[in-house]
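Only one structure is covered here, and it is reproduced in the block below.
The values are calculated or read from the model by the stated rules, or taken from the named source; none is laboratory data. All values reported here derive from a predicted model rather than from experimental measurement. Reconstructed Cβ throughout: ideal geometry from the backbone, glycine too, with neighbour counts over all protein chains shown.
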Amino acid sequence: MPALFKILLVSHVIAGLLAIIASYAVWMGLLKRELSAKFLTRTSWFAAVMIWVSWLAGGYYYWAYYGQSVKTVIIQGRYAWAHSVFMESKEHVFLFLPFLYLVLAIVISGFSDRLTAQPDLKKQLALLAAINAILGIIITLSGVVISGAVR
């Protein structure tokens, strides 16, 4: 694998993991009675930026390398289902996930001073942060399965 693609793949994984961790932190931060608007705003934006970095790096890697080199190895191997089930699912979920992270960051930024006074909004944002984190974990585990199918 050429160095550029290794860098893209590592960037994809690390940025994605950082986005998940940050989204989880936002989720837990929204469950607290005493909210830190500064923490929630910064962490939600960090998560959004990291998921976009992961999305762009992974997308370019997929377009320029995976589809031509890795996909054929998986499809011709014993674990062809890893691509047809996990990668196809991952592709579809990952298309909209960065936008969910972005919505979370924008809404937290715009309403951070009112979250304590609006418990329903706080609950909905906590749910969105949970969805972001959980979908991120599922996508990560799918990536592990796909990587294992190559070997």
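Some values worked out for this structure:
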| read-out | value |
| --- | --- |
| Enumeration of residues in the stretch 105-151 that are of a type in the set (Gly, Ala, Ser) and more than 30 Å from residue 81 (Cβ to Cβ) | 105, 109, 110, 112, 117, 126, 129 |
| The stretch 1-24, residues that are out of contact with any Leu (no Cβ under 9 Å at 6 or more places or on another chain) and within 23 Å of residue 118 (Cβ to Cβ) | 22, 24 |
| Meets criteria (free of Cβ contacts under 8 Å to residues at least 24 places away in the same chain, touching a helix residue (DSSP H, G or I) at 6+ places or on another chain (Cβ under 9 Å), more than 19 Å from residue 43 (Cβ to Cβ) and in a helix (DSSP H, G or I)) for residue 121 | no |
| Entirely in the stretch 1-110, the helices (runs of 4 or more DSSP H) that have 1 or more residues that are of a type in the set (S, T, N, Q) and surrounded by fewer than 14 Cβ atoms within 10 Å (Cβ to Cβ) | 71-76 |
| Among (1) more than 30 Å from residue 115 (Cα to Cα); (2) under 16 Å from the mean Cα position of the chain (by Cα); (3) in contact (Cβ under 8 Å) with a residue 24 or more places away in the chain - the single one residue 56 does not satisfy | (3) |
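Matching residues to (1) modelled with pLDDT under 90; (2) under 22 Å from residue 132 (Cβ atoms):
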| residue | (1), (2) |
| --- | --- |
| 26 | no, yes |
| 30 | no, yes |
| 35 | yes, yes |
| 44 | no, yes |
| 52 | no, yes |
| 71 | yes, no |
| 80 | yes, no |
| 95 | yes, yes |
| 99 | no, yes |
